[in-house]
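Below is one structure, written out as structure tokens; comments come after it.
The values are calculated or read from the model by the stated rules, or taken from the named source; none is laboratory data. In this text the structure is predicted, and so the values were computed from the model without any measurement. Quick reminder, even Gly has a Cβ in these numbers, built from the backbone with ideal geometry, and neighbours come from all protein chains shown.
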Amino acid sequence: YGGWADKFYGDVIPVPTSHLNYTRREPAGTVLQITPWNAPVFTCGWQVAPAISMGNAVLLKPSELTPFTSLVVGLLAEKAGAPKGLINVLAGLGQTVAQAAIAHKVVKKVVFVGSPATGVRIAEAAAKRVLPCVLELGGKSANIIFADADLKRAALTAQAAIFAGAGQSCVAGSRLLVQRSIYDEFVSMVATGAKKIKVGSPLDDATEVGPINNRMQYDHIMKMIASGVQAGATLAAGSAERSAGGYFVAPTVLSNVTNQMDVARTEIFGPVVAAIPFDTEEEALTIANDTEFGLAGAVWTNDVGRAHRVAGQVNAGTFWVNGYKTINVASPFGGYGLSGYGRSSGVEALYEYTQTKSIWVETAREPAATFGYL
Ligand code: NAD
């Protein structure tokens, strides 16, 4: 984003009058950024960098569950020579501190990363001041596996897609859509792999999946696993029992899930994947799009035509073909539907962090009279 700072400029528009008409991309002013507890360093850098590169100041309100990393980033920015007041970190609760910040006249735009329910409250509060928002919300992404795919790679990646970070990831591949002819074989590959993943303390080098961030989230995940089993899903890997000595959740694979079950509709935000069978490409698309969310998704196939057809028809802001979870600062990221609006990262983030001014300069020697008397 440092590289973009002097290369994101306005246009000269060939208007049909005697004017020079050009645009300037101007900063919004102070941008309030409200972030969640998962990946706090990433989320902070992801939003702060494009904002300051376009000349905005930042008021960062990290999650009350993970404020320290953002506070340290603020201190390091000051140490690195950023002007005092450019990056401000305001720790505290959302319903008090973040709401007070939205109401304050210094704030000119709100960028929110978090859950849809909070996103609605933030957009309502921002609307009272006609503040523009970017909302980066949750997901229930479909990872679609066709029978002609490279099943070994797909099974490995399906595990990374949902179990990395203990599933506390907005783009997690939480719905695994598998073509019926390979359903049993593929789900068994994923479940066998899931059972081998080492769950434990993040300070132990051998650990592959750590605990859940907080008690509320842990309770929610355990409740969702129990609800899946009660609704008729099969526990192919994982456990519905609570763990002793920490908020550990074993990588969980629920098979024989239908897309109507709560485990296929509600964001679990934990290491729990719901495996749903499908027969045809049309059915896979129908199931993939039968969700309020639209953050991400993937298709696994060796049929190039199908890969592009499916990529073009799934309602999601990010989509992978024969892969999962690759993101990059140069590429736009954001949601469709309940997953939010506006874009973070890529050149699109620079549009979010600027507003356009159109400037008209009269160039005619004797401009035509418009209206009025002297
Ligand atoms: P959350 O909505 O509970 O909290 C996020 C932030 O909002 C926190 O800073 C919190 O203090 C604040 N907040 C809470 N209530 C508020 C209120 N009434 N008014 C103003 N601010 C308020 O979300 P969370 O549990 O911290 O994070 C998990 C969620 O974030 C998941 O839904 C996940 O999918 C989503 N997420 C989305 C992305 C994305 O880019 N789309 C990235 C990461 C996480």
Search result, residues across the stretch 59-72 that are assigned to a helix (DSSP H, G or I) and under 21 Å from the mean Cα position of the chain (by Cα): T69, S70
Condition met for E282 (assigned to a helix (DSSP H, G or I), modelled with pLDDT of 95 or more and not basic (K, R)): yes
Which numbered condition G294 fails, given (1) in contact with a Phe, Trp or Tyr (Cβ under 9 Å, 6 or more places away or on another chain); (2) under 15 Å from N143 (Cα atoms); (3) part of a helix (DSSP H, G or I); (4) of a type outside the set (A, V, I, L, M, F, W, C): (3)
The one condition in (1) closer than 26 Å to Q168 by Cβ; (2) out of contact with any helix residue (DSSP H, G or I) (no Cβ under 9 Å at 6 or more places or on another chain); (3) at pLDDT 95 or above that G139 fails to fulfil: (2)
Among (1) touching a Cys at 6+ places or on another chain (Cβ under 7 Å); (2) small (G, A, S); (3) away from the ligand (no atom under 13 Å from the Cβ), the one test that G55 misses: (1)
Pairs with Cβ under 6 Å, 6+ apart, first in the stretch 101-121 and farther than 16 Å from L90 by Cβ, second assigned to a strand (DSSP E or B) and within 7 Å of the ligand (Cβ to nearest atom): G119/F112
Lone unmet requirement of (1) within 9 Å of the ligand (Cβ to nearest atom); (2) at pLDDT below 95 for G74: (1)
Matching residues, the stretch 33-57, being under 20 Å from the mean Cα position of the chain (by Cα) and more than 18 Å from G334 (Cβ to Cβ): W37, P40, V41
Residue tally, condition farther than 19 Å from A142 by Cα and in a helix (DSSP H, G or I), over the stretch 186-208: 4
Residues satisfying the stated conditions in the stretch 6-39, i.e. within 16 Å of the ligand (Cβ to nearest atom) and hydroxyl-bearing (S, T, Y): T35
Elements of type strands (runs of 3 or more DSSP E) contained in the stretch 95-175, each with 1 or more residues being near the ligand (Cβ under 10 Å from one of its atoms) and buried (at least 22 other Cβ atoms within 10 Å of the Cβ): 107-113, 133-136
Selection within the stretch 328-352 - touching a helix residue (DSSP H, G or I) at 6+ places or on another chain (Cβ under 7 Å) and away from the ligand (no atom under 16 Å from the Cβ): A330, L350
Considering residues of the stretch 260-279 that are assigned to a loop (DSSP other than H, G, I, E, B) and either of a type in the set (A, V, I, L, M) or out of contact with any Ser or Thr (no Cβ under 9 Å at 6 or more places or on another chain) (or both) only, the residue nearest to P116 (Cα to Cα): I268
Subset tally (residues that are aromatic (F, W, Y) and more than 17 Å from N213 (Cα to Cα)) for the stretch 148-185: 1
